[in-house]
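The values are calculated or read from the model by the stated rules, or taken from the named source; none is laboratory data. Remember, it's a predicted structure, so these values are computed and weren't measured experimentally. Here the Cβ positions follow ideal geometry from the backbone for every residue, glycine too, while neighbour counts run over all protein chains shown.
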Amino acid sequence: MLDSVIACVQSADPMAIYLLLFVIAFLKNFFPIVPFDAPIALTGYLLAYKKLNIVLAILWPSLGSTLGFMVIYLISRKFGMKLYSRDISATPPRWGEKIHRFFPPAEIEFIRKRFAAHGYLAVLLNRFLIGSRSFISPVSGLMHLNAFAVLLAAGISASVWNTLLVYGGYLLGKHWENIGEFVVIYSIPVTVVFVVIITFAVIKYRKERKGPEQANQ
């Protein structure tokens with residue numbers, strides 16, 4: 001199977017490979033469960049069999065990933081608040097009520113300012129955050145974070161991530177399929193640190209909200 005892939009890559013036009021990587025990375029934003037990272041890692045392994053430009057092999061999927069992120073961000077920025085602030089009865093009760101209780105729609109402007117810095121940090125780290133990457137782009141749009149700053153942070157995150165994938169695929173060689181074990185070395189500590197930061201920020205926010213409520217009782 002791998003021999004046939006190598007043969008196909010060797011005969012393929014490099015530009016077609018770059019465009020395929022672009023599309024794969026773009027779709028990853030919309031279908032996070034699908035293992036679209038694997039073909040990018042495979043590209044790293046196949047660098048030994050095809051005269052591909054390693055810079056372009058990283059650049060094209062990074063552009064696709066960033067564009068996909070920004071599309072979701074812009075959609076959420078335009079329509080997200082309308083969905084978020086709708087009647088709670090129209091949202092799934094298991095999570096809708098909890099989210100509205102912790103982050104009331106009436107206080108969304110304060111929430112945006114309060115968590116803006118954390119939002120940009122989340123965008124910058126989004127490719128390394130296990131289990132939450134698909135939420136970062138719509139939440140950043142909902143918070144109306146600065147578009148240029150989001151674009152820059154998403155681009156940096158995608159570039160670093162794809163560099164690791166390509167380099168990891170090249171380093172692992174025939175064992176490129178184990179790329180998940182390679183990148184998790186970086187993802188787990190980044191995720192843990194970020195979760196701790198957000199947890200403390202939310203706890204502090206909750207205490208700030210409870211103060212005025214208790215004073216009015």
Legend entry - So residue 152, is it farther than 17 Å from residue 28 by Cβ and at pLDDT 85 or above: yes
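Out of the residues in segment 25-76 that are of a type in the set (D, E, K, R) and surrounded by 20 or more Cβ atoms within 10 Å (Cβ to Cβ), state the one that is nearest to residue 183 (Cα to Cα).
Looking at residues that are of a type in the set (D, E, K, R) and surrounded by 20 or more Cβ atoms within 10 Å (Cβ to Cβ), I get 37.
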Inset, instruction - Return a yes/no flag: does segment 62-76 have any residue that is part of a helix (DSSP H, G or I) and at pLDDT below 90. - result: yes
Inset, instruction - For residue 128, state whether it is modelled with pLDDT of 75 or more, in contact with a Ser or Thr (Cβ under 8 Å, 6 or more places away or on another chain), of a type outside the set (D, E, K, R) and within 30 Å of residue 184 (Cβ to Cβ). - result: yes
Inset, instruction - Hey, can you tell me all the residues within segment 112-149 that are polar (S, T, N, Q), over 17 Å from residue 34 (Cα atoms) and outside any helix (DSSP H, G or I)? - result: 146
Inset, instruction - Within segment 181-204, identify whether any single residue is among the aromatic types (Phe, Trp, Tyr), modelled with pLDDT of 80 or more and crowded, with 19+ Cβ neighbours inside 10 Å, and answer yes or no. - result: yes
